[in-house]
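One structure is given here, and the rest of the page talks about it.
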Amino acid sequence: MDFIIIAVIVLGAIGLVAAAVLYVCSKKFAVKEDPRLAEVAALLPQANCGGCGFPGCSGLADALVKGADAGSIDGLSCPVGGHEVMEKVADLLGMAVANTEAKVAVVRCNGTCEHRPQVAEYSGLRTCAAMHACGAGESACGFGCLGCGDCVAVCSLDAIHVNPKTGIVEVDEEKCGGCGACSRVCPRHVIEIRKKGPKGRRVYVRCVNQDKGPAAKAACSVACIGCGKCEKECPFGAITMNGSLAYIDHEKCRVCRKCEKVCPQHAIVAVNFPAPKPKPVAAPSEGEGEKETSIN
């Protein structure tokens, strides 16, 4: 029994000494965390999409607190939370924040099954990266959406899905935060992050095919053929020709839609504009009505 009592006493003494050492170390080497970090992180959407350029919302919160201590948080923003969230963060940190316009992911491809028929069958790994590495995919267009859903897999907001009828991804702009995760993973750069525009209205070229006109049109019936009519028509200099492909700069575009009207391929689309009002039918004059009656 004496050996058991001695063993218990020794173990108890060792435990007390170890606890004392751990207590001293925890106080001496403690890392104090700024309480503002948790408060800022709580305001962020916790999407952890990486759209801000930091590894998750905690990384952005740390950068915002350090920026506030340095006197400025310019250049730091949360694309998912937008200006509303950044205003709350700025108020918490006692800083001013620049007014940033909301952005949204845009799919620059209209090569549906109707416009871009299947010419081959792919039987490999069903990812956009793998299919793109193997060639043009299942259609003759080597630039358009592959529809395998790599972008769907990385979207933390459930804002993008593949339309089974068209075979092209579609963005739910109500859910999209413009973080750019889908754009970064697309091997063909079909998805672009653009300004959402006033009242969600925007105009863009729904094509990324850089082949010359005849080849582009042969691969997809609605591809941009590089005719340049839109560039000549734009009064704001917002459209430039990148080889055989037109591009609309959303910073310069004033959504006048003149380019849309002159595009022979209907490759330029306008989103969220009200439907045009039907033209009123002119009523026949009294003389014309009497003449028709007499003839009958």
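Every number in this text was worked out from the coordinates using simple rules, so none of it is lab data. This structure is a prediction, so every number in the text was calculated from the model and none was measured. Cβ coordinates were reconstructed from backbone atoms using ideal geometry, including for glycine residues, and neighbour counts include every protein chain displayed.
One chain, two ends: residue 74 and residue 46. Fully extended at 0.36 nm per residue, the span grows by 8.0 nm beyond their Cα-Cα distance. Of the lysine pairs in the stretch 103-271, how many meet both conditions: Cα atoms under 14 Å apart, and a spacing of 8 or more in sequence or different chains? Step by step, the pairs that qualify in the stretch 103-271 add up to 11.
Here the alpha carbons of the stretch 35-93 define both size measures, Rg and Dmax, at 9.9, 27 Å. Report note on the peptides 30-37, 98-105, 245-252: ranked by the mean count of other C-beta atoms within 10 Å, highest first, their order is 245-252, 98-105, 30-37. Based on a Kirkwood Rh over C-alpha pairs, give the Stokes-Einstein translational diffusion coefficient of the stretch 28-185 at 10 °C and viscosity 1.306 mPa s in µm²/s. Estimated diffusion coefficient is 89 µm²/s. Mean separation of Cα pairs under 8 Å and 6 or more residues apart, divided by the residue count, gives the chain a relative contact order of 14 percent.
When each full DSSP H helix of the chain is screened for a Cα extent of at least 27 Å along its own axis and an average Kyte-Doolittle hydropathy of at least 0.0, the helices passing are 2-28.
Qualifying chymotrypsin sites (Phe, Trp or Tyr not before Pro) in the stretch 1-89, where qualification requires a DSSP coil assignment and no more than 11 other C-beta atoms within 10 Å, comprise 29.
Peptide packing: for 10-18, 57-65, the average count of neighbouring Cβ atoms within 10 Å per residue gives the ranking 57-65, 10-18, highest mean first.
When only alpha carbons are used to place a centre, the stretch 68-96 and the stretch 14-63 end up 20 Å from one another. All other residues whose Cβ lies under 14 angstrom from that of residue 38 are scored, Lys and Arg at +1 and Asp and Glu at -1, for a net of -2.
If you add up the charges near residue 86, with Lys and Arg at +1 and Asp and Glu at -1, over every other residue whose beta carbon is less than 14 angstrom from its beta carbon, what do you get? Spell out each step's value before the answer.
Numbers: positive: 88, 103; negative: 74, 84, 87, 91, 101.
That sum, taken over residues with Cβ under 14 Å, equals -3.
Name the shape class, rounded, prolate or oblate, that the alpha-carbon gyration tensor gives for the stretch 103-271, where a ≥ b ≥ c are the square roots of its eigenvalues, rounded holds for a/c under 1.5, and otherwise prolate holds if a/b is larger than b/c and oblate otherwise. Oblate shape, in that a/c is at least 1.5 and b/c is the bigger or equal ratio.
Dipole magnitude for the chain: about 700 debye, using +1 per Lys or Arg Cβ and -1 per Asp or Glu Cβ, origin at the Cα centre.
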